[in-house]
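Presented below is the structure to which this report refers.
The values are calculated or read from the model by the stated rules, or taken from the named source; none is laboratory data. Since the model is a prediction, treat every value here as computed from it, not as a measurement. Cβ placement follows ideal geometry from the backbone for every residue including glycine, while neighbour counts extend to all protein chains displayed.
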Amino acid sequence: MTERRYRVLVTDEVDPEGVAILRAHPDIEVVEKPTRPLTEVLEEIGTYDAFIGRSATRVTREFLQAGERLRIIGRAGVGVDNVDLPTATELGIAVINAPGGNTVSVAELAFGVLIGLARHVPVAAESMRAGRWDRSKLGGIELRGKTMAIIGVGRIGGEMARRARAFGMQVIGYDPYIAAPRFEELAIERVERLNEALERADVLTVHVPLNNETRGMIGAPELSRMGRQAFVLNLARGGVVAEDALADALTSGRIAGAAVDAFDHEPLPVDSPLRAIPNLILTPHLGASTTDAQRNVAVEACEAVRDALVTGD
Ligand code: MLT
């Protein structure tokens, strides 16, 4: 067998439909491995031209420096906060993500947990399993006529807006980086100040990447501006909504409920105080965990890595 020109390491269970795209190229040799400790990856990363993974493998400075032949990091997903971007730039390694593939899955889960909060679905299911009939204690609210404030009007924020409108909600949005026409196209009322979004929200949902500007963006002062009826959703990244502040706001009744899918530390520690808060729905970073989204992001990332490898000489 003739030697193939490019070696690509694929890990973190990237969907096979994407991997098949790489395998089909005559110049690409694919090596697939399960998620492993960084020390093991470091031993061999120097023999690859490209790496493709999800969020489980942290692409640190050490990783990138050890990758002597590395030209491309492919991320089968949106967030690149697991990649040391300054080092990648310094070393001339391209970082490619798959921005479009999982937006619908994230938005659908957000509505799943939102309805869960509005109608007490997890509590009701638990009470039934425990043999009770708590009908009189579990009255809920409709979403119709309520105001959803979307923080971050990118791809996922846009999908949230479309669905919120279908539920008859009023949609307001805060995003200083997005121009007015996109708000108009999505029929989102643009608010200029975060405080206005907080004060008007029945449902506050964050869809921004984690960076120095967004870390702790929704903390105690922000939560204190919200109405007692409000729900807060964080299906973006741990740290955008400060976990301690959210726990305090929920236990004190400052807000009515919340749902969190992304955490400061993942997996969420077994003894995390968040686990004990009743009006908080927790899910283990499931936003993009659908067969559809995983196939989409794998295909998107693998095609982009293939093209960058074979046309990049
Ligand atoms: C993403 O960034 O694409 C999602 O949070 C899911 C993931 O981390 O793979």
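Going through (1) more than 16 Å from the ligand (Cβ to nearest atom); (2) touching a Leu at 6+ places or on another chain (Cβ under 8 Å) one by one, residue 308 falls short only on (2).
The set of residues from the stretch 267-289 being in a helix (DSSP H, G or I) and either out of contact with any strand residue (DSSP E or B) (no Cβ under 9 Å at 6 or more places or on another chain) or of a type in the set (A, V, I, L, M) (or both) comprises 273, 274, 276. Between 203, 240, 270, the distinction of being within 16 Å of the ligand (Cβ to nearest atom) and assigned by TED's automatic domain parsing to the domain that holds residue 142 belongs to 240 only. Looking across the stretch 63-84 at every residue that is more than 17 Å from the chain's Cα centre (by Cα) and among the basic types (Lys, Arg), the one that is nearest to the ligand (Cβ to nearest atom) is identified as 71. Close contacts from the stretch 80-105, counting a first residue that is over 17 Å from residue 306 (Cα atoms) and a second that is assigned to a loop (DSSP other than H, G, I, E, B), with Cβ to Cβ under 6 Å and a gap of 6+ residues or different chains, come to 80/97; 81/210; 82/55; 82/58; 84/60; 102/288; 105/288; 105/290.
Is one or more of the residues making up the stretch 45-54 exposed (fewer than 14 other Cβ atoms within 10 Å of the Cβ), β-branched (Val, Ile, Thr) and in contact (Cβ under 8 Å) with a residue 40 or more places away in the chain?
Yes, some residue in the stretch 45-54 is exposed (fewer than 14 other Cβ atoms within 10 Å of the Cβ), β-branched (Val, Ile, Thr) and in contact (Cβ under 8 Å) with a residue 40 or more places away in the chain.
Within the option set 264, 292, 248, being part of a helix (DSSP H, G or I), more than 30 Å from residue 69 (Cα to Cα) and within 16 Å of the ligand (Cβ to nearest atom) holds for one residue only, 292. Annotation note: of 60, 87, 103, the sole residue that is within 13 Å of the ligand (Cβ to nearest atom), among the hydroxyl-bearing types (Ser, Thr, Tyr) and at pLDDT 95 or above is 103. Among the conditions (1) in a loop (DSSP other than H, G, I, E, B); (2) touching a helix residue (DSSP H, G or I) at 6+ places or on another chain (Cβ under 8 Å); (3) within 24 Å of residue 178 (Cα to Cα), the only one that residue 232 does not satisfy is (1). Looking only at the stretch 165-178, decide whether some residue is in contact with an Asp or Glu (Cβ under 7 Å, 6 or more places away or on another chain), surrounded by 13 or more Cβ atoms within 10 Å (Cβ to Cβ), touching a residue at least 60 places away in the same chain (Cβ under 8 Å) and not basic (Lys, Arg). Checking the stretch 165-178: not a single residue is in contact with an Asp or Glu (Cβ under 7 Å, 6 or more places away or on another chain), surrounded by 13 or more Cβ atoms within 10 Å (Cβ to Cβ), touching a residue at least 60 places away in the same chain (Cβ under 8 Å) and not basic (Lys, Arg).
As a summary of the residue check, residue 35 satisfies the conditions (1) closer than 24 Å to residue 265 by Cβ; (2) touching a strand residue (DSSP E or B) at 6+ places or on another chain (Cβ under 6 Å); (3) part of a loop (DSSP other than H, G, I, E, B) except for the one numbered (2). As a summary of the residue check, residue 280 satisfies the conditions (1) in contact (Cβ under 8 Å) with a residue 40 or more places away in the chain; (2) in contact with a Leu (Cβ under 9 Å, 6 or more places away or on another chain) except for the one numbered (1).
Within the stretch 235-245, the set of residues being in contact with an Asp or Glu (Cβ under 8 Å, 6 or more places away or on another chain) and assigned to a loop (DSSP other than H, G, I, E, B) comprises 235, 237, 238, 239. Annotation note: Cβ proximity below 6 Å between a residue of the stretch 232-246 that is among the basic types (Lys, Arg) and a residue that is within 14 Å of the ligand (Cβ to nearest atom) (sequence gap 6+ or interchain) occurs for 237/210; 237/262.
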